[in-house]
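The values are calculated or read from the model by the stated rules, or taken from the named source; none is laboratory data. What you see is a predicted model; the values in this text were computed from it and never measured. Heads up, the Cβs are rebuilt from the backbone with ideal geometry, glycines too, and the neighbour counts pull from every protein chain shown.
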Amino acid sequence: MFFKAVAVSLLIQQVAAPGEASPASGDIRTAVVSTLARRFAEPTHPQVKGLVIKPDKLMPGYVACGEVSPRASARFQKFFVMVPGGLAVLENDDKELVARYWSVNGCSP
């Protein structure tokens, strides 16, 4: 578990562009949806429900969590997104990591 937390922190540092500006409060939702859209590589924006955006308790910036589906007809899965940085982790990637990040940041189940 400790190694996984350290590895994620290092990954986040490498994913975030150096000097990337933190979006203004109103732009965070747009940044989250854009990050998820890139992740799914779909021509339309993904369906997001239960979106929660909070200051990140582990790193500078914000964390967003909720449930996402690439299309209205597809199954929803939990996610978290780091802003700035554009790192999106889906439940299909690592269910334990998503659950831990939801717990640390107080996201609703």
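Taking the residues in region 29-62 that are closer than 13 Å to PHE80 by Cβ and β-branched (Val, Ile, Thr) as candidates, determine which candidate is surrounded by the most Cβ atoms within 10 Å (Cβ to Cβ). Of everything passing the filter in region 29-62, VAL32 is surrounded by the most Cβ atoms within 10 Å (Cβ to Cβ).
Taking the criterion of being within 15 Å of the chain's Cα centre (by Cα), assigned to a loop (DSSP other than H, G, I, E, B) and of a type in the set (Lys, Arg), the only residue of region 39-79 that qualifies is LYS57. Close contacts from region 97-109, counting a first residue that is surrounded by fewer than 16 Cβ atoms within 10 Å (Cβ to Cβ) and a second that is modelled with pLDDT under 85, with Cβ to Cβ under 6 Å and a gap of 6+ residues or different chains, come to VAL104/LYS57. Hey, can you tell me all the residues within region 85-109 that are over 17 Å from LYS49 (Cβ atoms) and under 10 Å from the mean Cα position of the chain (by Cα)? Correct list: GLY85, GLY86, LEU87, VAL89, TYR101.
Within region 66-83, being surrounded by 20 or more Cβ atoms within 10 Å (Cβ to Cβ), in contact with a Gly (Cβ under 8 Å, 6 or more places away or on another chain) and either under 16 Å from THR30 (Cα atoms) or without any contact (Cβ under 8 Å) to a residue 24 or more places away in the chain (or both) holds for GLY66, PHE79, MET82, VAL83.
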